[in-house]
Amino acid sequence: MQLASAKLAIDDASAPSLPDRIDAYLDRVAAERGVEPAPAVADGRFLRRLSLDLAGAIPRYADMRSFVESDDAEKRPQAIARLLASPRHATHLATVWRDLLIPAERGDFEQRLNAVGLHNWLRDRFARNVRYDNVVYDLLVATDAGELGPASYFSAHELKPERLASNSARLMLGVSLDCAQCHDHPFADWKQTDFWGYAAFFARVRAEDDMMMQRGAVSRLIDADRGEVRLPGDESGDPIPPRPLLGEALEDVPFETRREQLALWIAERDNPFVARAAVNAVWTRLFGRGLVEEINAAGAHYPAAYAPLLDEIAAEFVASGFDLRELHGWIVSTHAYERAAAESASSRQAQAFVAMAPRRLAAEQLYDSLARLAPVSATDDPFQGNPARDAFVRRMRAGDADQLAFTGSTLQSLVMLNGDAVQNATNAPRGGLVAALAAPFLSDTDRVNAITLALLGREATTAENAEMSGFLQGATDGERPQLIADIVWAMANSTEMAFNH
C-alpha cells in the first residue's frame, strides 16, 4: 500500500489542516456509532495533560496560574509550541523510546539503568529533531562511532536475533511477530519463515569484547562474516536467508552488512510499515490506545475503522521529512486531544477518541511531577545523576506497560506514603509550594484551590474546599505550613494525582 494515495480514503481531505481532517474523521466515526463527543477540557486540565505528555511532568504552579488566568485566545497553541521546543520534551521523548526499545521484561532494572548511553543518544537526536527514519537507521547499523548508546539496545537483548527481531518489528514496524517464532501465526498471515527471515538480519551481530558481553554490557558492536538462523527444532536444516517483511530474500553482498540491508529497507520512503508504526506509537502514548492494534501482512490494519486515518497521518509524516516534533504537534492540536476525560478507559467515548481515556503516569512522570512541588534547589534537575530518582522509578515502575491499567503494590504504596519524593514535596520549612502557600495574605480557600490546581489541574470542588478549608481554619502562622503540607501529602497520594486525565 502506497502512502501517497492515503488522502483518497478520507472524505474531508480538503479541510484546511491535518488536525482539522483528523477531527472530521473522528467525529464522523463517532456519529456513525452514536457516540457523543465530550466537551473541551478546562484550561488547567489541558495544560496538565499537555505538560505531562510533552515534557514528562506537571507544570510549575506559577505557569499553571498564569495560563488559567490568561485571556489570550492563542494560549493553547502557544503552550504547545513552547513545550515542543523545550529541552524537557527531548528528554521525555528519549525516556519513552528508551523504554520501548528496552522493555521491562528484558533483564533486571539495574541493566536498564545502565542504558544511560542510549537515553542520552536518543535525547541528542530528539533535541536536534533528527528525522525519525534516520534515527532508526543509525540505531540499527551502529557499531559505536564514539557513541555507546545503540550498543545498549543490542546488549539488553543479549544480541539474540529472535529478541532483536521481536522488539524491532513491534516498535519500528508495528507488527507483532512473536507468535510466528515457533509456528505460523494462528490469526494473522505471518509464517514462521517470516519471523526467522527477519531475525536473520541480526544473526551476525557480535560484541567485540566477549568479557563485556558476559557482564551484560557491550562497548562495541561488530558484524561477523558468518552467522545464520534456522527454524527451531531443525538445527541441521538449511539456514534461513534474510528477508524483509513482504519482500524477497536477500543475498549477502561484500559491501553491506545484513544490518545495513535491513536499515536501508526500513528507511525507504515507501516502506509500508515504518511511518504507520511511528504514528501509531505516538498516538498510543497520547491517547492510551492506538488507532490500530496491528499492521498485518497485507499492508492493511486491524481493526479497520481508523485505518484510513492512520494512513492519512502517516502520509503527512513522510511528507514532513519524518518530523517527530511536528507529528506530536499535529495530534495535540486536535479537538480530540482537547476533550474532557471519560469516566473510564473502557467508555465508548474514549474508545472512539472523542474523550480522553485516563492514563496512568509512568514512574518517571510521577517523580518529576512531585519534584515540581519541591524546593528548586532540591530537585531542579532530576535527569542527571539522581540516585533518589532512580530508586523511586525502580520501585514504582508498573509491571504492565498498558497506560490504561492501574496495578499497585504494597511497596509502591509505602514509597508514596513515606518515600523521599513525597517528603521533599511536602517539607514545609524548605520552601517550594508548601512554603509559598503559607503566606499570611492568602485565604484558606485560595490555598486549597492552589493545591488542587497545582497537583490536579483544577480548582477544588465545593465539598473539597469546605473540608480542607475547615482543616486549616484557625491555624496559627506556626501551625499553618505543616497543615498545608498534610493536604499536599494527601493530594499527592490520591488516585487522581497518579493519572493523566
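The values are calculated or read from the model by the stated rules, or taken from the named source; none is laboratory data. Bear in mind that the values here come from a model prediction, so they are computed numbers and not experimental data. Here the Cβ is made from the backbone with ideal geometry for all residues, glycine too, and neighbour counts use every protein chain on show. These area figures cover heavy atoms from the full protein model, side chains too; ligands, DNA and RNA do not enter into them. Shrake-Rupley method; radii C 1.70, N 1.55, O 1.52, S 1.80 Å.
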- Query: Restricting attention to segment 429-443, and to residues there that are crowded, with 20+ Cβ neighbours inside 10 Å and within 21 Å of Ala57 (Cβ to Cβ), which single residue is modelled with the lowest pLDDT?
  - Reply: Gly432
- Query: Only one of Arg372, Arg395 is open to solvent by 30 Å² or more (accessible area, probe 1.4 Å), basic (Lys, Arg), at pLDDT 90 or above and under 30 Å from Met356 (Cβ atoms); which?
  - Reply: Arg372
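So is Thr426 open to solvent by 20 Å² or more (accessible area, probe 1.4 Å), β-branched (Val, Ile, Thr) and out of contact with any strand residue (DSSP E or B) (no Cβ under 9 Å at 6 or more places or on another chain) or not? Talk me through it step by step, then tell me what you get.
Details: open to solvent by 20 Å² or more (accessible area, probe 1.4 Å): no; β-branched (Val, Ile, Thr): yes; out of contact with any strand residue (DSSP E or B) (no Cβ under 9 Å at 6 or more places or on another chain): yes.
Taking the combined requirement at face value, the residue does not satisfy it.
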- Item | In segment 120-142, residue modelled with the lowest pLDDT [restricted to those that are among the aliphatic types (A, V, I, L, M) and open to solvent by less than 20 Å² (accessible area, probe 1.4 Å)] | Ala142
- Here the residues within segment 34-53 that are in a loop (DSSP other than H, G, I, E, B) and more than 16 Å from Val354 (Cβ to Cβ) are Ala42
- Output the residues belonging to segment 268-289 that are modelled with pLDDT under 90 and either open to solvent by 30 Å² or more (accessible area, probe 1.4 Å) or in a helix (DSSP H, G or I) (or both). Glu268, Arg269, Asp270
- Item | Failed item, numbered, when Ala315 is tested on (1) over 18 Å from Ile266 (Cα atoms); (2) crowded, with 21+ Cβ neighbours inside 10 Å; (3) of a type in the set (A, V, I, L, M) | (1)
- Task: Go through the residues of segment 20-35 one by one and say whether even a single one is surrounded by 22 or more Cβ atoms within 10 Å (Cβ to Cβ), under 25 Å from Trp97 (Cβ atoms) and at pLDDT 95 or above.
- Result: yes
- Message: Taking the conditions exactly as written (out of contact with any Pro (no Cβ under 9 Å at 6 or more places or on another chain), surrounded by 21 or more Cβ atoms within 10 Å (Cβ to Cβ) and not polar (S, T, N, Q)), does Pro303 satisfy them or not?
- Response: no
- Message: Please count how many residues of segment 190-222 are more than 31 Å from the chain's Cα centre (by Cα) and either of a type in the set (Asp, Glu) or at pLDDT below 90 (or both).
- Response: 4
- Could you please give the count of residues in segment 60-82 that are touching a residue at least 60 places away in the same chain (Cβ under 8 Å) and of a type outside the set (Phe, Trp, Tyr)? 8
- Note on the structure: Within segment 153-180, the residues that are more than 30 Å from Asn120 (Cα to Cα) and buried (at least 18 other Cβ atoms within 10 Å of the Cβ) are Ala180
- Message: Out of Ala355, Ala345, I need the residue that is over 30 Å from Asn134 (Cβ atoms), open to solvent by less than 30 Å² (accessible area, probe 1.4 Å) and modelled with pLDDT of 95 or more. Which one?
- Response: Ala355
- Task: May I ask you to list pairs of residues, at least six apart or on different chains, whose Cβ atoms are under 6 Å apart, with the first in segment 336-350 being under 21 Å from Leu47 (Cβ atoms) and the second being part of a helix (DSSP H, G or I) and open to solvent by 20 Å² or more (accessible area, probe 1.4 Å)?
- Result: Ala342/Gln349
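Each row is one residue, and each column tells you yes or no for (1) part of a helix (DSSP H, G or I); (2) at pLDDT 90 or above.
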position: Asp71; (1), (2): no, yes
position: His92; (1), (2): yes, yes
position: Arg112; (1), (2): yes, no
position: Asp144; (1), (2): no, no
- Message: Being outside any helix (DSSP H, G or I), touching a residue at least 24 places away in the same chain (Cβ under 8 Å) and open to solvent by 10 Å² or more (accessible area, probe 1.4 Å) is the filter here; which residues of segment 444-493 pass it?
- Response: Arg458, Glu459, Gln473, Asp477, Asn493
